[in-house]
Structures are given as C-alpha cells and as structure tokens.
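Participant: What follows is a single structure, and I will ask about it in a moment.
The values are calculated or read from the model by the stated rules, or taken from the named source; none is laboratory data. Remember, it's a predicted structure, so these values are computed and weren't measured experimentally. Here the Cβ positions follow ideal geometry from the backbone for every residue, glycine too, while neighbour counts run over all protein chains shown.
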Amino acid sequence: MRPFHKRPRAVIVSAAALVAAATMGAVAWAAFAPITFASREEPFEIPKGTWARRMAGNKVEILPSRVFLTLGIRDVLLLKNLDDVPQIFGPTLMMPGQSFRLPFEVASSYQFACTAHASGQMTVVVDAQPDTPWGRLVWRTRRIARVVT
C-alpha cells in the first residue's frame, strides 16, 4: 500500500467531494426542515432551598439571566417555584409549589424583576418565528451557539 501522501489525487478529490456533499446536506436540512418541539413551553424550576442558600451568602445562579424564546416554537415561559418561600417574577407572586405560565405574542426583549436572581432582574428575549429557510438556518445556528457558550 502506498503512503498517504502518494495516493492518487482522485482518492483525495473524492473524499473532499464526499465531505462537501455531507456538509451541504446538513445545511439544507437545517434550512428546510420544520422546527418542532413537543410543547411550546420553555420550563425553568426554582429549586427547593434557593432562598435559604442566597440568605446564607451563597451565589446561586439557578435561572439564566437571559431566556431566549421564539414565537410559534417556544413562546411560553413556564416557571415552577419548588422553593419553600414565595418568589416574585415580574408582577406575579408565586407561592411555594405554584407554577406561572407567561405566553408571548410579540417579538421583543422584556425585562422582569425576579427574586430568584442575585441581580434581581431577568431578561426574556423573544425572537420572531423563522418562516424562511434562511431564518431557520440562522435560528438553529444561534441555538447551537447559545448552548456552546
């Protein structure tokens, strides 16, 4: 068998074409496949003991400072208070064991007071529904980037 650097150029070109075709196929799927989830809710839980840990001086980051939702896909924020004390989110007082569903109908950035955050604030960014192939490709790329960072 010949060393790799002496293999025929056709093999290398064929391998590069195969990689390019696979990449193009993945991009085409990301652009044209519909975006679906089992539910339109994006759930977050405030765990039991959160308030006690914060009062003890621990830095408790249980919810992200920014939540990203998308109209028509994941456009309902669901907060569950599993803590022993009431929590405030925006104008709503959530008693222990209560859940709060907040649907969004307009793409925008929303600021809410939130006692589960050390900063006392939470931002909900609601993106427009990605209706075009380019929009779906950009949406999926942003979603992957948010998970990675």
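Participant: If the requirement is being within 16 Å of the chain's Cα centre (by Cα) and of a type in the set (Ser, Thr, Tyr), which of these qualifies: Thr115, Thr149? Spell out the reasoning first.
Facilitator: Numbers: Thr115 fails: within 16 Å of the chain's Cα centre (by Cα).
Matching residue, one of Thr115, Thr149: Thr149.
Participant: Given (1) in contact (Cβ under 8 Å) with a residue 12 or more places away in the chain; (2) surrounded by 12 or more Cβ atoms within 10 Å (Cβ to Cβ), where does Phe37 come up short, assuming only one miss?
Facilitator: Going through the list (1) in contact (Cβ under 8 Å) with a residue 12 or more places away in the chain; (2) surrounded by 12 or more Cβ atoms within 10 Å (Cβ to Cβ), Phe37 breaks only (2).
Participant: Residue pairs, Cβ under 8 Å, 6 or more apart or interchain, first in segment 111-134 and within 18 Å of Phe68 (Cβ to Cβ), second crowded, with 18+ Cβ neighbours inside 10 Å and among the polar types (S, T, N, Q). List them.
Facilitator: Final answer for the pair search is Cys114/Gln87; Ala116/Thr50; Ala116/Gln87; Val126/Thr70; Asp127/Thr70; Ala128/Thr70; Gln129/Thr70; Pro130/Thr70.
Participant: Within segment 18-33, can one find any residue that is part of a loop (DSSP other than H, G, I, E, B) and in contact with a helix residue (DSSP H, G or I) (Cβ under 9 Å, 6 or more places away or on another chain)? Explain how you work it out, then say what you get.
Facilitator: Initial filter on segment 18-33 (part of a loop (DSSP other than H, G, I, E, B)): 33.
From the residues that got through so far, the ones that are in contact with a helix residue (DSSP H, G or I) (Cβ under 9 Å, 6 or more places away or on another chain) too are 33.
Checking segment 18-33: at least one residue is part of a loop (DSSP other than H, G, I, E, B) and in contact with a helix residue (DSSP H, G or I) (Cβ under 9 Å, 6 or more places away or on another chain).
Participant: Being over 21 Å from Ser39 (Cβ atoms), aliphatic (A, V, I, L, M) and buried (at least 18 other Cβ atoms within 10 Å of the Cβ) is the requirement here; does Ala145 meet it? Steps first, please.
Facilitator: Numbers: over 21 Å from Ser39 (Cβ atoms): yes; aliphatic (A, V, I, L, M): yes; buried (at least 18 other Cβ atoms within 10 Å of the Cβ): no.
Against the criterion (over 21 Å from Ser39 (Cβ atoms), aliphatic (A, V, I, L, M) and buried (at least 18 other Cβ atoms within 10 Å of the Cβ)), Ala145 does not qualify.
Residues are listed down the side, and each one gets a yes or a no for (1) in contact with a strand residue (DSSP E or B) (Cβ under 7 Å, 6 or more places away or on another chain); (2) free of Cβ contacts under 8 Å to residues at least 60 places away in the same chain:
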{"position": "Ala15", "(1), (2)": "no, yes"}
{"position": "Ala22", "(1), (2)": "no, yes"}
{"position": "Ala31", "(1), (2)": "no, no"}
{"position": "Glu45", "(1), (2)": "yes, yes"}
{"position": "Ala52", "(1), (2)": "no, yes"}
{"position": "Leu69", "(1), (2)": "yes, yes"}
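Participant: Glu45 versus (1) part of a helix (DSSP H, G or I); (2) at pLDDT 85 or above; (3) surrounded by 15 or more Cβ atoms within 10 Å (Cβ to Cβ): which is the lone unmet condition?
Facilitator: For Glu45, the exception is condition (1).
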